[in-house]
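Encoded as structure tokens, the structure appears first; notes follow it.
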Amino acid sequence: MIDIITSINKMRYVSEKKRSEGILIGLVPTMGALHEGHLSLVKRASEKTDFVVVSIFVNPTQFAPNEDFTAYPRNIGDDARKIELAGADCIFAPEKSNMYPEGYATYVAVERLTDGLCGHSRPTHFRGVTTVVTKLFNIVYPHVAVFGQKDAQQHAVIKRMVKDLDMPVEIDVGPIVREPDGLAMSSRNSYLSAEERRQTVSLYRSLCLAEELVSSGITGSEDIIRKVRAVIAEQDRAKIDYIEIVDPEEMTPVDDVRGGGLLALAVWFGDARLIDNIVLSGKDS
Ligand code: AMP
């Protein structure tokens, strides 16, 4: 059975030993409730490194008080089986009270890139993410950390943090893994009722439409967003949080995708706030 490490000191000890033996360490940070999307990142990490650590930690600091921290699905037994099959070497699953002991006072925050998109409706989310990822880097000492394109703003923010703070780790990004009908896999899909689940297909359909529009020569962001919005708004269970086209690194709005752009959206279906995105490459990019 795969090793599940809960102690910060033990994890550090294991990683220090691997490093001293010249072994490359890969880290895949997750909040558990694993699906094929997460496992694709584990496989990616295994191809790039020799010792793959998957962290499982539902990080309280990235949830606002009114969000789904308590409801978030947790099943470490199932996760451990999946992680082992995917070929990882160990799981790091720390306790909340060890990651954030009483008196905890320090946060890492990336500015500007975190203002828009998800940062707008979740203003404290990214500082929770960058804080916990920094802590994981300081405990696991990975050479490579793998994140998913599904959370496009998240990996842009983490890449900027690593660059700005000279963190000695390479950030690798794996593509979005989807259900057969196109819905991006997410631990939060389990919140959906059958009807909501049926309607979520509109998200991927709208992203594909955007791609078709760009191929047919429509490159103005406003036009594209209006048509994408119309596809999603047809669904009576959909509540759109945002649909935007931004520069994939700066996260600032772009007016035209001829130079490329990231179309990112967040839409509520019932209790599930789902995010998805597609990289649009216009003629100049
Ligand atoms: P989470 O457990 O949802 O915080 O996600 C952990 C990592 O898995 C993040 O880097 C996500 O971007 C990535 N991830 C989540 N869903 C998918 C997906 N459908 N395809 C690829 N990566 C994903």
Give the Rg/Rh ratio for the range 74-168, taking Rg as the radius of gyration of the Cα atoms and Rh as the Kirkwood radius, to two decimals.
0.98
Mind checking which of GLN235, MET251, ILE225 is farthest towards the positive end of the range 187-280's charge dipole, using Cβ charges of +1 (Lys, Arg) and -1 (Asp, Glu) about the Cα centre?
GLN235
Compute the relative contact order of the chain as a whole-number percentage, counting only Cα pairs closer than 8 Å that sit 6 or more residues apart in sequence.
17
Of all GluC sites (Glu not before Pro) in the range 50-111, the ones in DSSP coil with at most 15 other Cβ atoms within 10 Å are GLU67, GLU95, GLU102, GLU111
Across LYS135/LYS163; LYS10/LYS150; LYS43/LYS159, pairs whose alpha-carbon gap is larger than 27 Å
LYS10/LYS150
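Let's see if you can work this out: charge +1 on each Lys and Arg Cβ, -1 on each Asp and Glu Cβ, no other charges. What is the dipole magnitude of the chain about its Cα centre, in debye to the nearest 20?
For the chain, the charge dipole is close to 500 debye.
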So what J values fall out for the range 250-256 if you push phi through Karplus, 6.51 cos²θ - 1.76 cosθ + 1.60 with θ = phi - 60°, rounded to Hz, Gly and Pro as x?
8, 6, 9, x, 10, 7, 9
Going by how many other Cβ atoms sit within 10 Å of their own, how do ILE76, ILE83 line up, fewest first?
ILE76, ILE83
Name the residues whose placed amide hydrogens come within less than 5 Å of the amide hydrogen of ASP3, ignoring near sequence neighbours (fewer than 5 apart) on the same chain.
ILE91
Looking only at GLY260, GLY22, GLY116, which one moves most when the chain is put into a Gaussian network model with springs between Cα atoms under 10 Å?
GLY22
Please list, ordered by chain and number, the residues whose modelled amide H lies under 5 Å from the amide H of LEU274; skip anything fewer than 5 residues away on the same chain.
VAL267, TRP268, PHE269
Using a 10 angstrom cutoff on alpha carbons, build the Gaussian network for the chain and name the most mobile of GLU249, GLU211, GLU195.
GLU195
Cα-centre dipole for the range 65-186 with unit charges at Cβ (Lys and Arg positive, Asp and Glu negative), debye to 20:
200
Distance from the range 1-32 to the range 173-237 (C-alpha centre basis), Å
37
Please list, in chain and number order, the residues 5+ apart from VAL173 or on another chain whose amide H is under 5 Å from its amide H, with Hs placed from the backbone.
PHE147
Which of the trypsin sites (Lys or Arg not before Pro) across the range 81-131 are loop residues per DSSP, with 14 or fewer other Cβ within 10 Å?
ARG112
If you plug each phi of the range 175-192 into the Karplus form 6.51 cos²θ - 1.76 cosθ + 1.60 with θ = phi - 60°, what whole-Hz ³J(HN,Hα) values come out, in order, with x for Gly and Pro?
x, 6, 9, 10, 5, x, 8, x, 4, 5, 5, 7, 4, 7, 4, 5, 6, 6
For a test of the definition: using alpha carbon positions, the gyration tensor, and the 1.5 limit on a/c, classify the range 141-285 as rounded, prolate or oblate.
oblate
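Taken together, the values in this text are just the output of simple stated rules run on the coordinates, not laboratory data. All values derive from a computational prediction rather than experimental measurement. Using ideal geometry, Cβ is built from the backbone for each residue, glycine included, and neighbour counts are taken over all protein chains shown.
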